[in-house]
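Quick notes on the structure that follows.
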Amino acid sequence: MSKSAEAGLAELFAAAKAAQANAYARYSHFHVGAALRTPSGAIYAGCNVENAAYPQGACAEAGAIAAMAAAGERRIAEILVVGDGEALCTPCGGCRQRIREFADSATLIHIAGPKGVRRTFTLGELLPYSFGPDHLAR
Ligand code: THU
């Protein structure tokens, strides 16, 4: 990886970690942070926000995407998700589809643990043969 790519990833990791520290996860106690970069270079972050009515909880990725959209941006260049524990904190099925809306099959999804990135996937690997905006283009 080039030095600037490495620095960029470190920046994304720091933003996701900072959001993770604010996760509202009083039911699962599983704190997640997400940070995405847009082609403009801006970074948007989010954390999971749970709810006493369990299905109303929101994932960290959804928060980061909402922040991006609220800022008027519409493209994810890359996204990083950080969670604790041994297992890879890969996005849930619903969030893979949420990412898909603003990304393509080559978009990188970095999965991090407390110490940094553990694995990087493409969206195409995590959500093959996906349905997206192009299917509805008229
Ligand atoms: N969670 C996320 O926020 N993102 C993921 O990628 C996986 C799971 C959250 C949802 C819920 O608040 C908690 O983690 C346990 O599932």
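Remarks
- Remark: region 37-50, residue by residue, has Karplus-estimated 3J(HN,Hα) of 10, 9, x, 6, x, 6, 10, 10, 10, x, 9, 6, 10, 7 Hz, where x stands for each Gly or Pro and the curve is 6.51 cos²θ - 1.76 cosθ + 1.60 at θ = phi - 60°.
- Within region 1-109, the trypsin sites (Lys or Arg not before Pro) that combine a DSSP coil assignment with at most 13 other C-beta atoms in a 10 angstrom radius are Arg26, Arg74.
- Around the amide H of Val32, modelled in the peptide plane, lie the amide H atoms of Asn48, all under 5 Å away and 5 or more residues distant in sequence or on another chain.
- Derived scalar couplings between HN and Hα for region 30-36 equal 10, 8, 10, x, 9, 9, 10 Hz in order, rounded to whole Hz, by the Karplus curve 6.51 cos²θ - 1.76 cosθ + 1.60 (θ = phi - 60°), x for Gly and Pro.
- Here is the list for region 15-80: chymotrypsin sites (Phe, Trp or Tyr not before Pro) lying in DSSP coil, each with at most 11 other C-beta atoms within 10 angstrom of its C-beta, are Tyr27.
- Residues whose amide H falls under 5 Å from that of Arg118, counting only those 5 or more places apart or on a different chain, are Ile111, Ala112, Gly113, with hydrogens built in the peptide plane.
- Less than 5 angstrom separates the built amide H of Ala58 from those of Val49, Glu50, all sequence-distant by 5 or more or on a different chain.
- Percent RCO, i.e. relative contact order, over the chain, from Cα pairs under 8 Å lying at least 6 residues apart: 19
- Accessible-area composition of the chain, carbon plus sulfur, in percent [1.4 Å probe]: 56
- Within the chain, the longest run free of GluC sites (Glu not before Pro) that sit in a DSSP loop with at most 14 other Cβ atoms within 10 Å is 1-85.
The values are calculated or read from the model by the stated rules, or taken from the named source; none is laboratory data. All values derive from a computational prediction rather than experimental measurement. Positions of Cβ are generated from backbone atoms using ideal geometry, with glycine treated the same way; all protein chains shown enter the neighbour counts. When the accessible area is computed, the model is the full protein with side chains, heavy atoms only, and any ligands, DNA or RNA have been set aside. Shrake-Rupley method; radii C 1.70, N 1.55, O 1.52, S 1.80 Å.
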